[in-house]
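Asks: The following block contains the structure, expressed as structure tokens.
The values are calculated or read from the model by the stated rules, or taken from the named source; none is laboratory data. No experiment lies behind these values; they were computed from the predicted model shown. Reconstructed Cβ throughout: ideal geometry from the backbone, glycine too, with neighbour counts over all protein chains shown. Side chains are part of the model used for accessible areas, which takes the heavy atoms of the whole protein and leaves out ligands, DNA and RNA. Shrake-Rupley method; radii C 1.70, N 1.55, O 1.52, S 1.80 Å.
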Amino acid sequence: MKGTLRYLKPYRRTAAWAVTFKFVGSIAELFLPLLLEYIIDYIVPLKDLAMVLWLGLVMLVCSLVAMFGNMYANRLSVKAAAGMTHDLRYDLFKKISYLKSGQVDEVTIPSLVSRLTSDSYYVNQMVARTLRLGVRAPILLIGGIITTFIVDVYLALVLLACVPFVIVAVVIITKRSIPCYAKKQAGSDDMVRAMQENISGVRIIKALSKGGYEREKFRGISDRLGETDFSAKKLMSLTNPLATLILNLGLVAVIVVGAQMSDGAGSILAVLTLFTIILNGMLGLSKIFVVLSQGVASAARIEGVLKLDEHQLIGQYPAGNDQYAVQFCNVSFSYNGVKNNLEGINFALRKGGTLGIIGATGSGKSTIINLMMRFYDVSGGAVYVGGEDVRSVYPANLRSAFGVAFQNDFLMAASVRENIDYGRNLPPENIAKAVKAAQASQFVDGLPGGLDYEVSQKATNLSGGQKQRLIVARALAGNPSVLVLDDASSALDYETDAALRKALAEDYPDVTKIIIAQRVSSVKSADSILVLDDGKQIGLGTHGELLENCEEYRLIYKAQMGEDV
């Protein structure tokens with residue numbers, strides 16, 4: 001909780017003024033019953049109209065001070081809470097952006113989305129309402145009780161006897177509700193996950209006519225979240241009725257005792273007014289406990305992410321052979337720490353050379369890229385880029401050497417130029433060269449506005465092949481030392497794929513290229529080809545060598561090319 005509330009520090013002056021105005025407004029409100037009692041019991045019997053009007057004017061002033069003080073305090077509290085939430089969300093987004101891949105896997109993307117949105121909202125509500133009610137409610141409660149003692153000691157003792165029962169009830173209910181709200185937020189993660197899966201897979205769902213199945217699955221998640229939310233709110237909903245019941249019983253006792261012991265109607269009327277003030281104070285405290293229950297649970301989830309150490313340790317490791325652009329030495333790796341996803345990977349790629357990687361789905365092709373760019377750390381062995389162990393290089397420096405095009409990479413809702421440049425302020429000639437080499441110039445020139453054509457969200461106004469060519473152009477535009485094409489030509493026809501490979505060889509001869517593909521035609525001209533099967537290296541060599549020595553590669557070649565070897 002402390003880690004979250006420190007974001008309020010830059011806005012402490014605004015918060016302090018909010019508390020001050022709320023304090024003044026609440027104190028002014030407490031003067032009203034005292035003035036009322038004095039007028040009824042002391043001035044009215046004297047029939048002094050001038051004094052009645054004068055004190056009435058004072059009551060009006062107190063009412064206006066209370067109203068405008070509370071209104072301005074509410075504005076200031078909202079302003080402070082909004083500024084704090086803005087900073088909190090920014091730092092949380094920044095933290096998420098730099099989390100290690102393993103940490104993202106552990107927390108999960110839907111949970112991160114939920115923490116960035118709904119959890120930060122609940123923290124905002126907690127701070128805003130606490131600033132509004134955290135001063136007013138205690139003042140109305142404690143001040144109301146003190147004022148009641150001033151009016152009539154016996155009647156005050158009757159009301160005071162009720163307060164401990166209310167406090168105990170509120171504390172018990174709140175203590176039980178916090179775990180419910182934490183469970184509710186976990187249910188929100190499941191709902192976000194379901195929504196993401198349905199939105200991203202809507203075409204598959206429609207193609208397989210599984211809309212009904214997905215609706216029922218979502219209904220189950222929604223029902224569980226609703227039940228959890230209902231349980232939490234059912235608990236918290238007991239607060240107001242219990243507080244009202246206890247204080248109403250106290251009010252009955254006040255009337256009975258007042259009828260027997262009070263000397264004037266003004267004191268009873270003042271105590272009844274003070275009762276309303278005290279009740280408002282108690283209800284305000286109960287509202288604070290409600291938002292605190294949600295806010296504390298949400299703050300804990302946010303702090304759980306903010307406390308993660310996203311920095312990858314930079315150590316001293318022996319250097320490799322600097323003649324190689326990329327080198328894997330007996331590398332093994334496991335995502336879950338139980339079973340190796342890669343094992344015994346050994347290859348070396350000279351600078352300017354081309355490595356093809358081929359294998360069945362799930363064989364570990366993309367995992368090699370993850371290790372090369374240090375999205376994950378190896379479990380055993382070592383990975384070298386430019387002769388340096390990737391664990392001894394700062395991640396930003398390491399990744400700046402790469403240009404990467406993934407199969408399912410994203411395009412922004414921005415112009416074609418902005419998608420290729422991606423905030424790097426690249427020279428126009430670099431972009432033009434990359435577009436041409438990626439075989440995208442023909443369709444880009446035909447778009448309205450060319451490079452200034454606006455790509456829609458998720459690039460729905462482009463075909464699959466057009467998307468992939470823009471993604472490849474983005475990877476090339478930065479003039480990388482190592483170009484990685486991770487199945488980035490799967491949507492291209494054979495002619496365009498061949499033209500792309502030819503352009504890469506002619507226009508970027510000094511760039512080291514790693515091509516992951518399902519097609520033999522995409523990798524057969526590579527200097528060496530790595531064949532993977534179930535995380536193991538079963539072949540390494542040229543196209544001709546693998547046809548002779550690797551049975552799996554021969555089978556892939558025969559299946560795709562229809563030729564016997």
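Asks: Could you state the principal axis extents of the C-alpha atoms in segment 2-79, from the largest down, to the nearest angstrom?
Replies: Taking the Cα atoms of segment 2-79, the three principal extents are 60, 19, 13 Å.
Asks: Using a 1.4 Å probe, what is the accessible area per residue for the chain, in Å²? Numbers along the way, then the final one.
Replies: Details: 28530 Å² over 565 residues.
It amounts to 50 Å² per residue over the chain.
Asks: Farthest toward the dipole's positive end in the chain, which of Leu349, Tyr384, Leu238, given Cβ charges of +1 (Lys, Arg) and -1 (Asp, Glu) about the Cα centre?
Replies: It is Leu238, whose Cα lies furthest towards the positive end.
Asks: Next up: For the pairs Lys184/Lys307; Lys2/Lys95; Lys9/Lys183; Lys339/Lys524; Lys351/Lys502; Lys351/Lys436, flag any whose C-alpha to C-alpha distance is greater than 26 Å.
Replies: Values: Lys184/Lys307 22 Å; Lys2/Lys95 18 Å; Lys9/Lys183 30 Å; Lys339/Lys524 31 Å; Lys351/Lys502 18 Å; Lys351/Lys436 24 Å.
From Lys184/Lys307; Lys2/Lys95; Lys9/Lys183; Lys339/Lys524; Lys351/Lys502; Lys351/Lys436, over 26 Å: Lys9/Lys183; Lys339/Lys524.
Asks: Which lysines, if any, have their Cα less than 18 Å from the Cα of Lys22, not counting same-chain residues under 8 positions apart?
Replies: Here the lysines satisfying the reach criterion relative to Lys22 are Lys79, Lys287.
Asks: Three principal axis extents, largest first, for the C-alpha atoms of segment 127-166, in Å?
Replies: 38, 22, 6 Å, listed from the longest principal axis down.
Asks: Bin width 10 Å, origin at 0, all Cα-Cα pairs of segment 52-131: what percent of pairs per bin?
Replies: 16, 30, 20, 14, 10, 7, 3, 0
Asks: What is the percent carbon and sulfur in the accessible area of the chain, measuring with a 1.4 Å probe over the protein chains and ignoring ligands? Kindly include the intermediate steps, with their values, before the conclusion.
Replies: Values: 16930 of 28530 Å².
That share works out to 59 percent.
Asks: Modelling each spin label as a point 7 Å along the Cα-to-Cβ direction, I'd like the Ser97/Val58 distance in nm, to one decimal.
Replies: The modelled label-to-label distance comes out at 6.0 nm.
Asks: May I ask for the angle, rounded to the nearest 10°, between helix 464-477 and the longest principal axis of the chain, with both axes built from Cα atoms and the value confined to 0 to 90°?
Replies: 90
Asks: How large are Rg and Dmax for segment 333-436 when calculated on the C-alpha trace, in angstrom?
Replies: 16.4, 49
Asks: Rounded to the nearest 20 Debye, what is the dipole magnitude of the chain about its Cα centre when Lys and Arg each give +1 and Asp and Glu each give -1 at the C-beta?
Replies: Numbers: 57 positive and 51 negative charges, 288 e Å.
Charge dipole of the chain: 1380 debye, to the nearest 20.
Asks: Using the alpha-carbon atoms, what tilt in degrees (0 to 90, nearest 10) does helix 239-261 show relative to the longest principal axis of the chain?
Replies: 10
Asks: Moving on to the next point. Which three extents, in angstrom, do the Cα atoms of segment 413-541 have along their principal axes, listed largest first?
Replies: Taking max minus min along each principal axis of the Cα atoms, segment 413-541 gives 48, 29, 25 Å.
Asks: Can you tell me the orientation of helix 153-200 relative to the chain, as the angle in degrees between its alpha-carbon axis and the longest Cα principal axis, to the nearest 10?
Replies: Approximately 20 degrees, to the nearest ten.
Asks: Could you please tell me the mean projected area of the C-alpha convex hull for the chain, averaged over all directions and given in square nanometres to one decimal? It would help to have the intermediate numbers written out before the result.
Replies: Numbers: hull surface 143.2 nm².
Averaged projected area of the chain's Cα convex hull equals 35.8 nm².
Asks: If you build the convex hull over the alpha carbons only and average its shadow over all orientations, what do you get for segment 262-358? Give it in nm² to one decimal.
Replies: Values: hull surface 59.2 nm².
That works out to 14.8 nm².
Asks: Enumerate by residue number the trypsin sites (Lys or Arg not before Pro) in segment 325-365 meeting two conditions: DSSP loop (anything except H, G, I, E, B), and at most 16 other Cβ atoms within 10 Å of the site's Cβ.
Replies: Working: sites: Lys339, Arg350, Lys351, Lys365; in loops: Lys339, Lys351.
Of the trypsin sites (Lys or Arg not before Pro), the ones in loops of segment 325-365 whose Cβ has at most 16 other Cβ atoms within 10 Å are Lys339, Lys351.
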